[in-house]
Amino acid sequence: MATPYVLAFGDSLTAGYGLATEQAFPVQLERRLRDRHPGAVVQNAGVSGDTSAGGLARLPRVLARLTAKPDLAIVELGANDLLRAVPPVAMERNLDAILAELARCGIPALVAGMLAPPFLGTFAWSYNAVFPAVAARAGAALYPFFLDGVVGDPTLTLADGMHPNARAIGIVADRIAPHVEAALAAFARQAA
């Protein structure tokens, strides 16, 4: 696949909260993909503050505005569900519905998971189990933890102490890019 088109559908981590446009995740991922796929495009469909319910509600509008069918959708939602203590079963229903709608439109997906801190006990266990479960049911690819390699390092956050800075998003893009490429290749083989 010479010129993959990827839809990055998520919350502030995708949208680039507090970052310049060129520092946001979709742009940084696009730069990495273009090293091997010169025409690659990653569209930013992130909205700060979005929960899985918010993402599900706006998905039809996002899909209606597409000018071409994406080769892959990265679904990065759930961090705000965690912050708002949304029951994991509700988040799971929303993610299942998002993945089902993408599948109905013929758009393969990569689920970018999140991890709750262990001190949340059984809530963390239930929350963390959602991402692999929804990916498996939908036949989607899974990247287990979107913020792998950056959480817990205060030098990688903005002044709010929560959102990743541009350097952190660069690490995220570096780590997820091979998984995005593998998912694109796998889904292209399935479609052939």
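The values are calculated or read from the model by the stated rules, or taken from the named source; none is laboratory data. This is a predicted model, so every value here is computed, not measured. Methodologically, a virtual Cβ is constructed for each residue, glycine included, from the backbone with ideal geometry; neighbour enumeration extends over all protein chains shown. We work out accessible area using only protein heavy atoms, side chains counted, and drop any ligands, DNA or RNA first. Shrake-Rupley method; radii C 1.70, N 1.55, O 1.52, S 1.80 Å.
Taking Lys and Arg as +1 and Asp and Glu as -1, the other residues whose beta-carbon sits under 9 Å from that of Leu77 total -4. For the range 29-135, the extents of the C-alpha atoms along the principal axes are 45, 29, 24 Å, listed from largest to smallest.
A full extension of the chain between Arg65 and Arg167 corresponds to an added length of 33.6 nm, given 0.36 nm per residue minus the alpha carbon distance.
In loop segments of the range 65-145 as defined by DSSP, the trypsin sites (Lys or Arg not before Pro) with at most 14 further C-beta atoms inside 10 Å of their C-beta are Arg84.
Amide H contacts under 5 Å for Ala109: Ala73, Ala141, restricted to partners 5 or more places along the chain or on a different chain, H placed in the peptide plane at 1.01 Å from N. Evaluated with a Cβ-only charge set (Lys, Arg +1; Asp, Glu -1), the range 19-103 carries a dipole of roughly 220 debye about its Cα centre, given to the nearest 20. The order of Thr122, Thr51, Thr67 by accessible area, most exposed first and with a 1.4 Å probe, is Thr67, Thr122, Thr51. Counting only Cβ charges, +1 for Lys and Arg and -1 for Asp and Glu, the dipole size of the chain around its Cα centre is about 460 debye. Charged side chains reduced to their Cβ positions (Lys and Arg at +1, Asp and Glu at -1) give the range 92-192 a dipole of some 240 debye around its Cα centre. Across the protein chains, with a 1.4 Å probe defining accessible surface, the residues Asp153, Asp11 rank Asp153, Asp11 from largest area downward.
Karplus-based coupling profile of the range 14-26, in residue order and whole Hz: 7, 4, x, 3, x, 10, 5, 3, 6, 9, 5, 3, x, with θ = phi - 60° in 6.51 cos²θ - 1.76 cosθ + 1.60 and x standing for Gly or Pro.
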